[in-house]
Structure formats: structure tokens, C-alpha cells
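Read the figures in this text as sums done on the coordinates, not as results from a lab. What you see is a predicted model, and the numbers here were worked out from it, not measured in a lab. Cβ placement follows ideal geometry from the backbone for every residue including glycine, while neighbour counts extend to all protein chains displayed.
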Amino acid sequence: MAACPTCSNSAPDGSRFCPFCGGKLAALVRKPQDPLVGKVIDNKYVVLERIGTGAMGSIYKAEHRALSKQIALKVLHRHLLTEESHVKRFHREAKAASRLNHPNAIAMLDFGQTEDGLSYIAMEFLPGRDLCRVLFDEGRFSDERTIRISAQILDALDEAHAAGVIHRDLKPENIMIEKLRSNPDFVKVLDFGIAKIRDFAGSENSSFKTATGMVFGTPEYMSPEQIRGEELDGRSDLYSLGVLIYQMLSGELPFSGDSVLEVATAHLTQPPIPLVEKVPGINPAVAAVVSKLMAKKRDDRFENAAEARNAMMAASENAVRPVPPGRKSEQRPQQAPEARINASPSSPESRLGPTARSAHDDDVAPAFLTEVNPPVNSNVQIVKVVLMIALVAALVAGIAAWFWMSYGQ
Ligand SMILES: Nc1ncnc2c1ncn2[C@@H]1O[C@H](COP(=O)(O)OP(=O)(O)OP(=O)(O)O)[C@@H](O)[C@H]1O
Ligand SMILES: [Mg+2]
């Protein structure tokens, strides 16, 4: 356990934020100097500082010497690649992931080995916050914001799956959100395919436990087939994304527990509490998409990411109607999540959409082009019509009376 220097409470080892006051532990606690900081790697990269550490390795901000450009280096933990065959497979996976070229997937720039045999991956440096931090800071998201973020993740997954790369480790720490002028939630998916290294370094037949019984991975987001250690396809990523979306919409994980085994068992056997029960006012069509993504059997999920994206956009259509041409654009009223802390009520999020667009965009109108028409108060309309009729009747009666008075006698 580490002590938070702000509130003095204990935080579990490895936590980046204090569970009591939210302070950033890594930034506040004095760490022993990382031996890689200040070193030059492969004669190409100067390591500037450590950004974070995960199960697979540590992330460093570094500078590409020749280009004088900031990059991020992921240096894998030594115990993951102990055998020559592991290193070879790592190179194969890294090569496959580096071919991925999509605006919503992080660009992998290079990979190799440090002088003392550590494997590393060089990638673009992202200045935003990861989804874990955004959820912590701002609480659960509105339907629109969730759809906008998920659509970008699905775009990246669609591209990756078509290239034969399965992510295997979708979780909030692997989603970076950058605030751009054109998109307040521009998404980059990190660590495509890297979890495969964890799998082949672990047990041959289970991605969940190694031969020594050590648990790898993030069971909160693992698909049932991944927990069972089966061969995976893109639908496993769709399940993990379903868990992520559930968390974005409700602010809570569908399955949690005191032990990894408890969480894993829930994924295998328990249905999650339906979102329509958990989140008052949620668009039921969006909730239905999430429950299809989280189907226990992969055959019951969407066939692929493109189909899921279409369903998600169609669900958003269900709740909002297109703005008639020429009418002034208005903000769609936001859900008011109690957990939300900092979100600006005037944020332009319901009007701005994903920067990356796919071929499917033409099939369905994206959420950012649609909004709710203002409610029409029908009682007021009826009163207006009745008054008009009364006015016309009074006028006719007046004219008739004048005729009768003038000519009738
Ligand atoms: N390219 C990057 N640019 C900027 N920050 C990054 C980059 N990659 C990762 N990070 C930050 O570093 C944190 C740690 O990343 P890392 O991948 O090492 O750990 P993790 O995702 O929590 O676990 P795992 O090792 O299982 O992937 C991320 O949550 C993110 O905030
Ligand atoms: Mg990661």
C-alpha cells in the first residue's frame, strides 16, 4: 500500500490516483529515479520521463533525436520476453500492429531492443487524458457523448479487425481522449494487439492465468471466451467495448467483485443489471445495443465492428430527429448525471462528432447532425385556433348586424 501525500489515506499499490481524494499519486509520491530516464535508447531516443506503468511495461516520454520530436516509448517488462521465441513473436505482433493506419488508432513508429535487451515500442506521444482519468474527473457520460466516443473506437476496431489485428485489452487506460477544436472527444485507441505478447508469455491455453497461476489481463473487461482461454476473434473486442460503454453510461462496471475469480465468474454466468434499470432516462435503443455487444455467446453479438457502429448510430437516431434545413441549431438537452463534476453545460458536444468517418457514415445520419425539435405545447395551439374562430365569428356577426341596421329596416 502507498500513502497518499495529500490526504494520508492508503492507496493500493500501483494506483495512479488516490481513491479518497483523487490526487495523482504518481506525481505526488517521490519515486526512485527510473534508471532509463536520461538514457539514449538504440542511439535514437532520449528518455525524458516516465509517464506510467502497466502490467505489460512502462511508458516514457522521449525525444526522437534526429527529428527533435516528442514520442512515447513503451518498454516491456523483462519477465514477459524471456525466451528468444517470445522476442520473435513480439516482433511479429509489433509489425502487424504497426501496419494499422487509422486516425483513431495510435500510430506505432518503431520497435526494437535497448542495449541491455529490453524490448520497446515507439509510438506517437498523445497529450490528452486517458478515459480512466476523464471518467474520474467528469463522472458518467450522456448518451450522445458515449455514442460519439464509441463510434470512434468502433471505427478503429473495424480497421484493425479487417487487418487481422484483435485488440484483446480494451479498457479505459487504453483509450486516450484529446480535446480538439473540431472534436472535444477525439479518440485514440492504444496498445493494439500488444496483449497478445502477454498471452504467449503466459500459459499456452489460457490468457487469464499463467502456468505459475499468476493472473494477467484486466478481467473487468474480458470476454467470456477470453476468460476461458479460447481462440479469439474481433467479437471479443466488441464484448470489451460493451463493458466500456456500460461504464461510460452508468459510471459503474457491470461486474465487480472482491476477487478476480468473482469478476471472471460473473462475466461467464451472470447477466448485467440492464442499463434501462440503472440509468433513468437512457435511450433504450442504446441500452439494447450495449446488451447485444455484451452477449455471453459471441454468435449473439454483432458480427463485426461496422455492424455494431451502424446499430449504435441508428439507436442515436431513435432519440433525436434531424434539424429541418434553415432552422437555427440548438443544444440537445443533456442528461444530468449526478456523478458529473466538471462538465460544462454549454459544451458543444452534441453538435460535434468524430473526426474520423467511415464508409458507413453515409448509411446513417451521425448523431452530431441531429437534435431534438423543441416540444410543441398543443394546448396553447388549440386555444389560439379557438380564439381565431371566435374573432372571425364576431367580425362576421358585426358586419351582418351593420347590414341589417343599414338596409334591413
Ligand atoms: N502514447 C502515449 N502518449 C501519452 N500517454 C500515454 C501513451 N501511452 C500510454 N500513455 C499513458 O500511460 C498510461 C499507462 O499506459 P500502459 O499501457 O503502460 O499501462 P496500462 O494501459 O494501464 O496497462 P497495460 O500495460 O496492460 O497496457 C496510460 O493509461 C496512459 O495514460
Ligand atoms: Mg496500455
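Sort V46, V75, V260 so the one with the fewest other Cβ atoms within 10 Å of its own Cβ comes first.
Fewest to most other Cβ atoms nearby, the residues stand as V46, V260, V75.
Cα-Cα pairs above 21 Å in segment 101-204: how many percent? Please report the intermediate quantities before stating the final value.
Values: 2136 of 5356 pairs.
Value for segment 101-204 (Cα pairs over 21 Å): 40 percent.
Please give the Cα centre distance for segment 132-189 versus segment 233-251, rounded to the nearest Å.
11
Rounded to the nearest 0.05, what FRET efficiency is calculated for K44 and D299 with R0 set to 51 Å and r the Cβ-Cβ distance? Can you show the working numbers first?
Details: r = 46 Å, r/R0 = 0.91.
So, using R0 = 51 Å, E works out to roughly 0.65.
Using packing as a proxy for protection, rank 182-193, 33-44, 107-118, 391-402 so that the peptide with the highest average count of other Cβ atoms within 10 Å comes first. Walk me through the numbers before you get to the answer.
Working: 182-193: 22.1, 33-44: 13.8, 107-118: 15.5, 391-402: 10.2.
Taking the mean over residues of other Cβ atoms within 10 Å, the ranking is 182-193, 107-118, 33-44, 391-402.
Under the rule a/c < 1.5 gives rounded, and otherwise a/b versus b/c splits prolate from oblate, where does segment 225-289 land using the Cα gyration tensor? Present the calculation step by step, with values, prior to reporting the outcome.
Details: a/c = 2.52, a/b = 1.45, b/c = 1.73.
Oblate, because a/c is 1.5 or more while a/b does not exceed b/c.
By average Cβ neighbour count within 10 Å, what is the ranking of 248-259, 80-91 from highest down?
Final packing ranking: 248-259, 80-91.
List the pairs from K24/K188; K24/K196; K69/K95; K39/K179; K188/K278 whose alpha-carbon separation is above 24 Å, in the order I gave them. Let's see the in-between values first.
Numbers: K24/K188 22 Å; K24/K196 30 Å; K69/K95 22 Å; K39/K179 32 Å; K188/K278 28 Å.
In this structure, K24/K196; K39/K179; K188/K278 lie more than 24 Å apart at Cα.
Want the number for H91 to S406: 0.36 nm per residue separation, take away the alpha-carbon distance, what's left?
On the way: separation 315, 0.36 × 315 = 113.40 nm, distance 10.51 nm.
Going from the current span to full extension adds 102.9 nm.
Please give the contour-minus-distance gain from E277 to L180: 0.36 nm per residue of separation, less the Cα-Cα distance, rounded to one decimal in nm. Before the final figure, lay out the partial values.
On the way: separation 97, 0.36 × 97 = 34.92 nm, distance 3.40 nm.
Residue separation times 0.36 nm, minus the Cα-Cα distance, leaves 31.5 nm.
By how many nm would the segment from T6 to L387 lengthen if fully extended, with 0.36 nm per residue of separation less the alpha-carbon distance?
On the way: separation 381, 0.36 × 381 = 137.16 nm, distance 6.73 nm.
Extending this stretch completely gives an extra 130.4 nm.
Once you have a ≥ b ≥ c as the square roots of the Cα gyration tensor eigenvalues for segment 46-125, tell me rounded if a/c is under 1.5, and otherwise prolate or oblate according to whether a/b is larger than b/c.
Details: a/c = 1.67, a/b = 1.20, b/c = 1.39.
Oblate is the answer for segment 46-125, as a/c is 1.5 or above yet b/c matches or exceeds a/b.
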